[in-house]
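Here's the structure, in structure tokens; my notes come after.
The values are calculated or read from the model by the stated rules, or taken from the named source; none is laboratory data. Owing to the predicted nature of the structure, the values given are computational and were not obtained by experimental measurement. In this analysis, Cβ positions are derived from the backbone assuming ideal geometry, glycine residues included, and neighbour counts consider all displayed protein chains. These accessible areas exclude ligands, DNA and RNA; they are computed on the full protein's heavy atoms, side chains included. Shrake-Rupley method; radii C 1.70, N 1.55, O 1.52, S 1.80 Å.
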Amino acid sequence: MENLEGLLRENKAWARKMVEQDPEFFERLVNVQQPEFLWIGCSDSRVPPDQITQTRPGQIFIHRNIANMVVHTDLNLLSVLQYAVDILKVKHIIVCGHYGCGGVKAAMTRHSFGLINKWLRNIKDVYRYHQEEIEELATDDEKVNRLIELNVKEQVLNLAKTSIIQKSWITHKGPHLHGWVYDLHDGVIRPQLDLHPGAKLDHPIFEYDNLDEDQPG
Ligand code: CO
């Protein structure tokens, strides 16, 4: 499929096929979505969440950005998170990175890329926390891929550091948080970390003690 018209043509064919297989497919989804999963993934075109997990429309709520980051000042991410947790009440949140991630590779250089420096800065912080472990590895590929695994874990922890998650852990005993890395070489996802409701964080300073009070954010 090489041109824009191709996208629309394929869309029509897909819509037709879905109705053939299941005449009520679209009608059922028109008024309600009840996904069990929130996916926070990289924008990379080679990692399409629903395709690699064989999920259908209505099953995953999705947020994607460069290098699957959970940044505490990102209103876009936080709005998606709040809606997914408070309204949709998703059971699982998955942060999924991928080996060979260009965003992580770029963050490991000292090259200036312009505006995106501001975003990559968050990954450089993860590098700084784990520099010793990363630099012990022999090759550049190994270093990048280790940072990709560590970055996914840090982003899961970043989720757990939001009052949105901590409050939901108290009131709904959920969601469960997961850090995964997708391998472009074989298409297989490799789980890295699971955080269950009420899990201890890496430092108690991040655990809010007044979540009974109804405050925004
Ligand atoms: Co990427």
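I'd like to check something: does segment 44-53 contain any residue that is in contact with a His (Cβ under 8 Å, 6 or more places away or on another chain), closer than 24 Å to His172 by Cβ and surrounded by fewer than 19 Cβ atoms within 10 Å (Cβ to Cβ)? Within segment 44-53 (the criterion being in contact with a His (Cβ under 8 Å, 6 or more places away or on another chain), closer than 24 Å to His172 by Cβ and surrounded by fewer than 19 Cβ atoms within 10 Å (Cβ to Cβ)), the answer is no, since none of the residues qualifies. With respect to the conditions (1) at pLDDT below 95; (2) in contact with an Asp or Glu (Cβ under 7 Å, 6 or more places away or on another chain); (3) basic (Lys, Arg), Lys200 falls short on a single one, namely (2).
A count restricted to segment 35-55 and to residues that are among the hydroxyl-bearing types (Ser, Thr, Tyr) and either over 27 Å from Asp186 (Cβ atoms) or away from the ligand (no atom under 16 Å from the Cβ) (or both) stands at 2.
All told, Leu115 meets the bar of being surrounded by fewer than 16 Cβ atoms within 10 Å (Cβ to Cβ) and either farther than 22 Å from His196 by Cα or more than 16 Å from the ligand (Cβ to nearest atom) (or both). Taken over segment 56-77, residues that are away from the ligand (no atom under 16 Å from the Cβ), part of a helix (DSSP H, G or I) and either open to solvent by less than 30 Å² (accessible area, probe 1.4 Å) or of a type in the set (A, V, I, L, M) (or both) amount to 1. Whether a residue is more than 14 Å from the chain's Cα centre (by Cα) and outside any loop (DSSP other than H, G, I, E, B) was assessed, and Lys17 passes this test.
The single residue among Leu177, Leu147, Leu159, Leu193 that is part of a strand (DSSP E or B), in the same structural domain as His63 (by TED's automatic domain parsing) and open to solvent by less than 20 Å² (accessible area, probe 1.4 Å) turns out to be Leu177. Residues in segment 78-108 that are within 16 Å of the ligand (Cβ to nearest atom), surrounded by fewer than 20 Cβ atoms within 10 Å (Cβ to Cβ) and not in a loop (DSSP other than H, G, I, E, B): Gly102, Lys105, Ala106.
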